[in-house]
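Peer 1: This is the structure I want to talk about, given as structure tokens.
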Number of protein chains: 2
Amino acid sequence: MNQSFDIAVVGATGTVGETIVQILEERNFPVADLHLLASIESAGSSVPFRGKNVRVREVDVFDFSKVKVVFFAAGPAVTSSYAAKASAAGCTVIDLSGVLPASQAPQVVPEANAQVLAGLPKPVQVSSPSPSATALAVALAPLRGLLDFQRVTVTACLAVSAQGREAVSELARQTTALLNLHPLESNFFDRQMAFNLLAQVGTPDAQGHVPLEKRLVTQLREILNLPTLKVSVTCIQAPVFFGDSFSVSVQMAGPVDLDVVNAALEAADGLELVDAGDYPTAVGDAVGQDVVYVGRVRHAVDDTSELNLWITSDNVRKGAALNAVQLAELLIKDLP
Amino acid sequence: MNQSFDIAVVGATGTVGETIVQILEERNFPVADLHLLASIESAGSSVPFRGKNVRVREVDVFDFSKVKVVFFAAGPAVTSSYAAKASAAGCTVIDLSGVLPASQAPQVVPEANAQVLAGLPKPVQVSSPSPSATALAVALAPLRGLLDFQRVTVTACLAVSAQGREAVSELARQTTALLNLHPLESNFFDRQMAFNLLAQVGTPDAQGHVPLEKRLVTQLREILNLPTLKVSVTCIQAPVFFGDSFSVSVQMAGPVDLDVVNAALEAADGLELVDAGDYPTAVGDAVGQDVVYVGRVRHAVDDTSELNLWITSDNVRKGAALNAVQLAELLIKDLP
């Protein structure tokens, strides 16, 4: 197939947007013209693509009929404003903001529920899930047909990069200040992030749940197609720049055969099973890689119906930009 | 009571040993003579107590009949060698190494199972549990009579200080190197600890469990007196100097009334319940404090039979030294 496509990336100046551009180049995505877009505050800068600097233009004045596929890597407000416009212009819309409802743009992780894409009305609107849901879906999907999932308990230890560049700078700045015995300033985070763990990422509702946690429960059920699965989630902010880590316990209806689990994970797409005795880390394994790493595959200490896993993933790549580009790769096969 | 007691601290040069000495002073423990002991390699230094520097002497040549109470804050080998000698000399033995079997020296956290002390043969031998088991016991004991515990799932995010001074130095050194773009060296940890999370603290057995995790399961069941409780544990090493954090899910047999839980935690000894909407952190709340902090008290997203908690504790104080001194405070009431 020599066909190539005009593509737009909205939110091109953010970490995820820039990574989408980089991955389009890395994977030789058949891009004809690339249009980089942002809100008026961010427009004007440029992002390298295939050896040239592509200027970022204002999304407000863009004619979406010029492109076939649009990635929305912008915030919820920008995505809400322009996704409908892009879809009305006939574009395939891939949303990373999480703002489009599941009924309009289902959450899809190719390794877990690619079959959903085939049934969508044209022009397609699809969501690339949160980094946490994506990583967990890649790791759990291969086991879904083999084991009877009762309950998933997750502690997600999230990298600060998911909160943007300001969060990354603040962790570095606080760390330097502490090591030099200088006074600590917290502007972005609500308290000391360096050498600490924050137990709440976002503002909790009256029940104590933060939107990130509720979204993870909803998205994981949707992607795994297990609508009544019990999912218990705590998202914590770790003093880690890049790469998410997940401590996961899955209760099954009966005893889990670890050989079967290991064989299924070994054979699965998009993940790498780390040898028993070893374990992956966010920084040492996941960052910069396209696969989700799974290790510490074990029962609970004396309960063979519980499966414990440790999962690490690059929150910006597979957690966001790569998954979105993979969705585009599948969707362009059906474009005229 | 004006009676005072001759006391020995074995392992007095370690972080926990030094903190025991400090807490004995802080709490006006009725110390007559204080004998600080260590293996031959560490003897010779001194530790401040009540305005004087107390010299650390060799445990090997110490006459245990000179003291009434001995704290073993040394490693397992030293404790194994000298605890029996101390007990034979009539001393009350308080072990922090975890090496003495439960049948000989039960695990006790005063807030959870102080009643165990009354039934012990004299001279008493008792164990102060691991920092993780202690923190979890303080937080869960007040709920034990109110709720029907089915299963506890814990991700324990441990501070490097539990591994000793070398671990603390390596985290500081690695962090400085990374921020200055210098090459990274890992001597103590098996890989990069700075800005990373390590999923395995210790060497796993053939089933993938590390001793720390197995000990936590055993100790928690013993302290809570729930011998068949299902406990699933993952201990991870966080890039935090001091203070442990725990993400905990407890499944109950039926719906949990959060008002009842909050009231029980509010009334409990040794813990501080953090207001809904807020949460404690290791660094901001726990470190240097005597209480265990509990926050984020909530159900799972849509399962009222699951209780989720976030717990932080000073691993050196309440997790070790303070708990041991509290045990001594209770035990000296029965000494002649």
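Peer 1: Can you tell me which residue within the stretch A:152-201, out of those that are outside any helix (DSSP H, G or I) and of a type in the set (Val, Ile, Thr), is modelled with the lowest pLDDT? Please lay out each step first, then the result.
Peer 2: Filtering the stretch A:152-201 for residues outside any helix (DSSP H, G or I) gives A:152-159, A:164, A:180-201.
Subset that is of a type in the set (Val, Ile, Thr): A:152-155, A:201.
Details: A:152: 97, A:153: 98, A:154: 98, A:155: 98, A:201: 94.
The extreme case among them is A:201.
Peer 1: Answer with yes or no whether residue B:229 is buried (at least 22 other Cβ atoms within 10 Å of the Cβ), closer than 25 Å to residue B:134 by Cα and in contact (Cβ under 8 Å) with a residue 24 or more places away in the chain. Walk me through how you get there before you give the answer.
Peer 2: Numbers: buried (at least 22 other Cβ atoms within 10 Å of the Cβ): no; closer than 25 Å to residue B:134 by Cα: yes; in contact (Cβ under 8 Å) with a residue 24 or more places away in the chain: yes.
Here the answer is no, as residue B:229 does not meet what is asked.
Peer 1: So which residues in the stretch A:179-191 are in contact (Cβ under 8 Å) with a residue 12 or more places away in the chain and either in the same structural domain as residue A:97 (by TED's automatic domain parsing) or in contact with a Ser or Thr (Cβ under 9 Å, 6 or more places away or on another chain) (or both), if there are any at all?
Peer 2: The initial filter retains those residues of the stretch A:179-191 that are in contact (Cβ under 8 Å) with a residue 12 or more places away in the chain, namely A:185-189.
The one that is in contact (Cβ under 8 Å) with a residue 12 or more places away in the chain and either in the same structural domain as residue A:97 (by TED's automatic domain parsing) or in contact with a Ser or Thr (Cβ under 9 Å, 6 or more places away or on another chain) (or both): A:188.
Peer 1: Of the numbered conditions (1) out of contact with any Lys or Arg (no Cβ under 8 Å at 6 or more places or on another chain); (2) modelled with pLDDT of 95 or more; (3) more than 9 Å from every other protein chain (Cβ to nearest Cβ), residue A:296 satisfies every one except a single condition; which is it?
Peer 2: Failed condition: (3).
Peer 1: Just the residues that are modelled with pLDDT under 95 and over 25 Å from the mean Cα position of the chain (by Cα), please, taken from the stretch B:24-40.
Peer 2: Of everything in the stretch B:24-40, just one residue is modelled with pLDDT under 95 and over 25 Å from the mean Cα position of the chain (by Cα), namely B:40.
Peer 1: Which condition does residue A:247 not pass, out of (1) free of Cβ contacts under 8 Å to residues at least 24 places away in the same chain; (2) under 24 Å from the mean Cα position of the chain (by Cα), if it passes all the others?
Peer 2: Among (1) free of Cβ contacts under 8 Å to residues at least 24 places away in the same chain; (2) under 24 Å from the mean Cα position of the chain (by Cα), the lone unmet condition for residue A:247 is (1).
Peer 1: Return yes when residue A:286 is touching a strand residue (DSSP E or B) at 6+ places or on another chain (Cβ under 6 Å), under 19 Å from residue A:315 (Cβ atoms) and at the interface with chain B (Cβ under 7 Å from one of its Cβ atoms) and no when it is not. Reasoning before the result, please.
Peer 2: Details: touching a strand residue (DSSP E or B) at 6+ places or on another chain (Cβ under 6 Å): yes; under 19 Å from residue A:315 (Cβ atoms): yes; at the interface with chain B (Cβ under 7 Å from one of its Cβ atoms): no.
Spelling it out, it is not the case that residue A:286 is touching a strand residue (DSSP E or B) at 6+ places or on another chain (Cβ under 6 Å), under 19 Å from residue A:315 (Cβ atoms) and at the interface with chain B (Cβ under 7 Å from one of its Cβ atoms).
Peer 1: Going residue by residue through the stretch A:38-55, is there one that turns out to be crowded, with 23+ Cβ neighbours inside 10 Å and among the hydroxyl-bearing types (Ser, Thr, Tyr)? Before you say what the answer is, go through the steps one by one.
Peer 2: To start, the set of residues in the stretch A:38-55 that are crowded, with 23+ Cβ neighbours inside 10 Å comprises A:38.
Now restrict to residues that are among the hydroxyl-bearing types (Ser, Thr, Tyr): none.
Looking for residues that are crowded, with 23+ Cβ neighbours inside 10 Å and among the hydroxyl-bearing types (Ser, Thr, Tyr), one finds none in the stretch A:38-55, hence no.
Peer 1: Return yes or no: is residue A:308 under 20 Å from residue A:268 (Cα atoms), within 11 Å of another protein chain (Cβ to nearest Cβ) and of a type outside the set (D, E, K, R)? Full working, then the answer.
Peer 2: Numbers: under 20 Å from residue A:268 (Cα atoms): yes; within 11 Å of another protein chain (Cβ to nearest Cβ): yes; of a type outside the set (D, E, K, R): yes.
Criteria met by residue A:308.
Peer 1: May I pose another question? Go through the stretch B:119-151 and give me each residue that's touching a helix residue (DSSP H, G or I) at 6+ places or on another chain (Cβ under 7 Å) and in a strand (DSSP E or B).
Peer 2: B:125, B:126
Peer 1: Could you give every pair whose Cβ atoms fall below 9 Å, whose first residue belongs to the stretch A:192-218 and is within 8 Å of chain B (Cβ to nearest Cβ), and whose second residue is surrounded by 23 or more Cβ atoms within 10 Å (Cβ to Cβ) and of a type in the set (Asp, Glu), counting only separations of at least 6 or pairs across chains?
Peer 2: Close Cβ pairs (under 9 Å, with a partner that is surrounded by 23 or more Cβ atoms within 10 Å (Cβ to Cβ) and of a type in the set (Asp, Glu)) amount to A:204/A:213.
Peer 1: For the stretch B:250-294, enumerate the residues that are surrounded by 22 or more Cβ atoms within 10 Å (Cβ to Cβ), over 19 Å from the mean Cα position of the chain (by Cα) and among the polar types (S, T, N, Q).
Peer 2: Within the stretch B:250-294, just B:251 meets the criteria.
Peer 1: In the stretch B:166-184, what count of residues is obtained for those that are loosely packed, with under 13 Cβ neighbours inside 10 Å and closer than 12 Å to residue B:241 by Cα?
Peer 2: Narrowing the stretch B:166-184 to residues loosely packed, with under 13 Cβ neighbours inside 10 Å: B:166, B:180-183.
Add one more test, that the residue is closer than 12 Å to residue B:241 by Cα, and what stays is B:166.
Result for the stretch B:166-184: 1.
Peer 1: Let me ask something additional. Restricting attention to the stretch A:44-74, which residues are closer than 10 Å to residue A:10 by Cα and under 24 Å from the mean Cα position of the chain (by Cα)?
Peer 2: A:56, A:59, A:70, A:71, A:72, A:73, A:74 - these are the residues of the stretch A:44-74 that are closer than 10 Å to residue A:10 by Cα and under 24 Å from the mean Cα position of the chain (by Cα).
Peer 1: Where in the stretch B:1-83 are there strands (runs of 3 or more DSSP E), lying fully within it, with 3 or more residues that are in contact (Cβ under 8 Å) with a residue 60 or more places away in the chain?
Peer 2: On the way: elements: B:5-10, B:31-38, B:46-49, B:52-58, B:69-72.
Qualifying strands (runs of 3 or more DSSP E): B:5-10, B:69-72.
The values are calculated or read from the model by the stated rules, or taken from the named source; none is laboratory data. Source: prediction; values computed, not measured. Don't worry about glycine lacking a Cβ; one is built from the backbone with ideal geometry, like all the others, and counts go over all protein chains shown.
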